[in-house]
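The values are calculated or read from the model by the stated rules, or taken from the named source; none is laboratory data. Values in this document were obtained by computation on a predicted structure and should not be read as measured data. Methodologically, a virtual Cβ is constructed for each residue, glycine included, from the backbone with ideal geometry; neighbour enumeration extends over all protein chains shown.
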């Protein structure tokens, strides 16, 4: 345990977050979340709505811990609405469905990713690109949910969740449910730009940074048949990169090694969320190559050299998670190719330590919360 | 005439630049070029090689004045090999062809752009993307020409030039030869990214900067059927932009006008060669939009916000002139659509003044040298 961030004692009466429209019909879900920027994660109770016509109620089994969860709960991007239950890498089983739900039934293994709704009407939504909804997608936690009484969405560090069927994914039974959870964010976030760039057999893919996103990028690119180069600042990661399937590993601070990689890569997936100079990576790209930056540094990036972009018709691009249809495609692709995340399963009492270890980069490669370790609300109420 | 940069007196014996392999068989061409970074443009004589098997000899009629010519002759990018005859927007008529030349005959109206050779073997060259030759393309002036005895190429401010048939373009007779000259650089440089982005009827194209490149971008995008928005820092350019065919003009320093243009553009052609903040332009792009930067500022650009790229899957891209096949396609397209440059024809004695006016942005929109005003070498030798 990191000094200065002790696990808080369980609250005698956990705070009840009502995210339902009609409290009478709600189900109480045990959860962990933040009550302020410096509260750490503490036990909470979430009132989930009774499934409406199009809703799917899910008993959550596992939820991945994403670095965004740390930023969000600690208020590092913006002040979120507290109390806040994070978690958008959710895998579980259907418990109940609304009257209009045909495609899911109790017992189905399902998942929920970063989105639980969108406007469903704009050009992006109509193209199945709900993540780019022009009116703003509805995130799985901390978002105002207009179709549910403007309640604030609460995420997957919780025993259950209720989500519109349009935003529920089928998780193939062949995937380990805990290792599949990070696919819902880390997986789709790296899969989507690789597909958008149309990566195929024999293409050369570079991956910058070997964390939660980076390790998924390596596995998925390999499964697509690419030749994969990992760029890392630390020689200590060479073996790990090769273990994940990387064909080449380049020490990015070694100018000679970077020069040797000149014009060798078709597309780079850059997962580093701290400011860093991209120009050495552009030099490794071939004609018409692209670098997709997926991480969002809090400070300015060093300037990109337009000359590098011009001389090889390169693109410096961004990409945001993926749409629902593409997320399903990714899950099916991962099942077909036996791809899942390398994980460390933690219990609720380890969440705060896990956050500190994520900040320190001390995880290979994703923590996943086993929600069976969350205290049942009924037990708490009796305490 | 700008004070401090007087037209130099004609040299009694103009410097002879020998760009031929076998001086015995050369033709002497009258030319204007620089003998040092601060010489201004002075009369020179270039020895052009006798046409080899694959060569086309061209009597130059017109040559556009590109801003690169100013940078190159003044040594602002690098110290070029002096003496240097600039000019890569060349239009003229074929005078002689080599024995292996089937596709050109004396009298044909032809053009030469920024390239006179490339390795012809690398992947880029084999794809008709000679501008991206992996071994470095051979520029029309100031480049070492390995297939011609490592002589230094000399450009189009000259009465003639000899170029391999593979790098000679057909200029349709329906185009005014003087107004067609700038198509060989300004035209293809803007046409190529528009084609690469696959602009078609109804797409929305933004153009930043209304100079030589910008005005061609407006005309070509309109001819492609696009809805065109010009972004300018000066209200004084509104009428000119509309006169060129722009559907909308936005004052880029007007935050409200920029906000009103939010999410309205598919692709932006940015022709400004000074450092400027691109982030306000990214905000005007739609999902999957791209901004192509064509100008090459001497200093760092302000940092691009990765969040903007991520939230709409945007690309910040570069593009370099165009390949030979595409340049021919562009010339044919311009002939079909009646597109050419707005020009001001100048004589040799106005070149230095024209350079100063280009630096001051005082030209609508391209100067073109009438090479009939160049003194004949024979006249000079007699002087």
Quick check on residue A:199: is it buried (at least 24 other Cβ atoms within 10 Å of the Cβ), under 22 Å from residue A:340 (Cβ atoms), over 14 Å from the mean Cα position of the chain (by Cα) and more than 14 Å from chain B (Cβ to nearest Cβ)? no
The one condition residue B:345 fails out of (1) in contact with a helix residue (DSSP H, G or I) (Cβ under 6 Å, 6 or more places away or on another chain); (2) more than 14 Å from chain A (Cβ to nearest Cβ); (3) under 25 Å from residue B:232 (Cα atoms) is (3)
Sole miss for residue A:311 among (1) more than 10 Å from chain B (Cβ to nearest Cβ); (2) in contact with a strand residue (DSSP E or B) (Cβ under 9 Å, 6 or more places away or on another chain); (3) not in a loop (DSSP other than H, G, I, E, B) is condition (1)
Expected output for segment A:68-93 (first residue under 28 Å from residue A:328 (Cβ atoms), partner assigned to a loop (DSSP other than H, G, I, E, B) and at pLDDT below 95, Cβ below 7 Å, 6+ apart or cross-chain) is A:71/A:77; A:72/A:80
Report yes if residue B:282 is touching a strand residue (DSSP E or B) at 6+ places or on another chain (Cβ under 9 Å), within 14 Å of chain A (Cβ to nearest Cβ) and in contact (Cβ under 8 Å) with a residue 60 or more places away in the chain, otherwise no. no
Qualifying residue in segment B:134-151 (condition: within 14 Å of another protein chain (Cβ to nearest Cβ) and in contact (Cβ under 8 Å) with a residue 40 or more places away in the chain)
yes
Within segment A:354-383, the count of residues that are within 26 Å of residue A:16 (Cβ to Cβ), at pLDDT below 95 and in a helix (DSSP H, G or I) comes to 6
Checked pairs for segment A:247-260, first touching a residue at least 40 places away in the same chain (Cβ under 8 Å), second surrounded by 14 or more Cβ atoms within 10 Å (Cβ to Cβ) and assigned to a strand (DSSP E or B), C-beta under 8 Å and 6 or more apart or across chains, list as A:252/A:208; A:252/A:231; A:252/A:232
Open item on the list: Can you confirm whether residue B:35 is at pLDDT 95 or above, under 30 Å from residue B:297 (Cα atoms) and in contact with a strand residue (DSSP E or B) (Cβ under 9 Å, 6 or more places away or on another chain)?
Closed with: yes
Filter segment B:260-275 for residues that are within 11 Å of chain A (Cβ to nearest Cβ) and under 22 Å from the mean Cα position of the chain (by Cα); the one that is surrounded by the fewest Cβ atoms within 10 Å (Cβ to Cβ) is B:275
Of the residues in segment A:110-131 that are assigned to a helix (DSSP H, G or I) and surrounded by 24 or more Cβ atoms within 10 Å (Cβ to Cβ), the one that is farthest from the other protein chains (Cβ to nearest Cβ) is A:130
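Mind listing whichever residues of segment B:319-339 are within 7 Å of chain A (Cβ to nearest Cβ) and in contact with a strand residue (DSSP E or B) (Cβ under 6 Å, 6 or more places away or on another chain)?
So in segment B:319-339, the residues within 7 Å of chain A (Cβ to nearest Cβ) come out as B:319-320.
Answer for segment B:319-339, where residues must be within 7 Å of chain A (Cβ to nearest Cβ) and in contact with a strand residue (DSSP E or B) (Cβ under 6 Å, 6 or more places away or on another chain): just B:319.
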Residues of segment A:291-308 being within 12 Å of residue B:318 (Cβ to Cβ) and facing chain B (nearest Cβ under 7 Å), in sequence order, are A:304, A:306, A:307
Residues in segment B:241-278 that are more than 24 Å from residue B:71 (Cβ to Cβ) and in contact with a helix residue (DSSP H, G or I) (Cβ under 6 Å, 6 or more places away or on another chain) total 7
Scanning segment A:291-321 for residues that are within 20 Å of residue A:210 (Cβ to Cβ) and surrounded by fewer than 22 Cβ atoms within 10 Å (Cβ to Cβ) gives A:295, A:296, A:297, A:301
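If only one of A:351, A:331 is crowded, with 22+ Cβ neighbours inside 10 Å, touching a helix residue (DSSP H, G or I) at 6+ places or on another chain (Cβ under 7 Å), not in a loop (DSSP other than H, G, I, E, B) and not assigned by TED's automatic domain parsing to the domain that holds residue A:190, which one is it?
Values: A:351 fails: touching a helix residue (DSSP H, G or I) at 6+ places or on another chain (Cβ under 7 Å).
Exactly one residue qualifies, and that residue is A:331.
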